[in-house]
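To keep things clear, I will list the structure first and then write my remarks on it.
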Amino acid sequence: MKKNQVRALIVILLILAVFSVIAFAAPFKMTAVFWLSYIFGVISVAVQIYVLKTAFGKSEKVRSRFYVFPVAQLGVVYMAVQLILSIVFMIFAAVVPMWVAVIFFAVLFAAAAVGFVSADAIRDEIERQDDGLETSTSCMTALRSMIYTLADKCDDGEAKKAIQNLSDEFKYSDPVSSEPLRDIESELEDGVAGLQSAVNENKVSEILPLCKNVNSLLAERNSLCRLNKKK
């Protein structure tokens with residue numbers, strides 16, 4: 001368990017301890033309403049363990065972390081409201097009807113549960129979208145990285161310039177892949193691999209034609225990207 005989670009768990013246990021001290025040290029009438037109030041108060045504190053695991057125990061991606069706070073905040077708000085209501089109902093335990101306490105606590109718990117489920121579902125969807133985006137950009141990211149390193153390995157001035165120009169073309173190309181681009185990107189991968197091999201083996205005569213071929217494939221891919229976005 002991470003240090004922050006341990007600290008949060010300690011705080012939760014302290015809150016439970018303080019609530020229990022208030023409940024049993026104060027001269028409340030220990031009626032059925034008192035015990036119901038105490039039980040729901042304990043539940044609201046125990047729920048924080050679930051919130052802790054749900055909010056901070058999943059992905060650590062930047063966008064996903066943004067959605068940690070609504071989940072955690074909802075948990076804290078529910079606990080605070082429930083503890084306050086529990087103490088109020090304990091104070092008036094001798095005069096408040098049981099059905100009033102049941103309705104108040106049940107409605108509050110149900111509202112919190114719906115909120116937890118909704119916030120967590122939104123977070124899961126954001127994580128799913130992040131995973132899909134990472135996958136869809138992995139091909140172009142890898143090709144860019146390969147091209148960027150080739151210019152420094154090339155000693156011929158003209159060949160170096162051609163590779164640098166190709167590097168700029170990759171830099172400003174749409175990074176997102178899709179199913180219709182699979183074939184052209186496969187050809188692009190082969191072309192870049194051939195260019196990398198030529199540079200590593202210092203086959204200067206092959207570098208310019210290979211750069212031209214890769215540039216042509218990249219232009220075709222970018223055209224397909226634009227066409228697919230218009231559909």
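The values are calculated or read from the model by the stated rules, or taken from the named source; none is laboratory data. Computed from a predicted model, the values in this text were never measured in an experiment. With ideal geometry, Cβ positions are generated from the backbone for all residues, glycine too; neighbour counts draw on all protein chains shown. In case anyone asks, the SASA skips ligands and DNA or RNA and just uses the protein heavy atoms, side chains included. Shrake-Rupley method; radii C 1.70, N 1.55, O 1.52, S 1.80 Å.
Worth a mention:
- Options Val81, Val96: the member that is in contact with a Leu (Cβ under 9 Å, 6 or more places away or on another chain), open to solvent by 20 Å² or more (accessible area, probe 1.4 Å) and modelled with pLDDT of 80 or more: Val81
- Among the candidates Ile49, Ile12, residue that is at pLDDT 80 or above, under 20 Å from Phe116 (Cα atoms) and open to solvent by less than 60 Å² (accessible area, probe 1.4 Å): Ile12
- Set Asp131, Asp120, Asp124: member being charged (D, E, K, R), more than 30 Å from Leu217 (Cβ to Cβ), at pLDDT below 85 and open to solvent by 30 Å² or more (accessible area, probe 1.4 Å): Asp124
- Filter pass, Phe24 being modelled with pLDDT of 90 or more and either among the hydroxyl-bearing types (Ser, Thr, Tyr) or more than 39 Å from the chain's Cα centre (by Cα) (or both): yes
- Residue within segment 207-214 that is modelled with pLDDT of 85 or more, surrounded by 12 or more Cβ atoms within 10 Å (Cβ to Cβ) and within 37 Å of the chain's Cα centre (by Cα) present: yes
- Annotation note: of Val192, Val199, Val176, the sole residue that is in a loop (DSSP other than H, G, I, E, B) and either on the phi < 0 side of the Ramachandran plot or in contact with a helix residue (DSSP H, G or I) (Cβ under 9 Å, 6 or more places away or on another chain) (or both) is Val176.
- Verdict on Phe19 being crowded, with 19+ Cβ neighbours inside 10 Å, modelled with pLDDT of 80 or more, more than 22 Å from the chain's Cα centre (by Cα) and not in a loop (DSSP other than H, G, I, E, B): yes
- Failed item in (1) of a type outside the set (Gly, Ala, Ser); (2) more than 31 Å from the chain's Cα centre (by Cα); (3) open to solvent by 50 Å² or more (accessible area, probe 1.4 Å); (4) over 15 Å from Ala151 (Cα atoms), with Leu218 passing the rest: (3)
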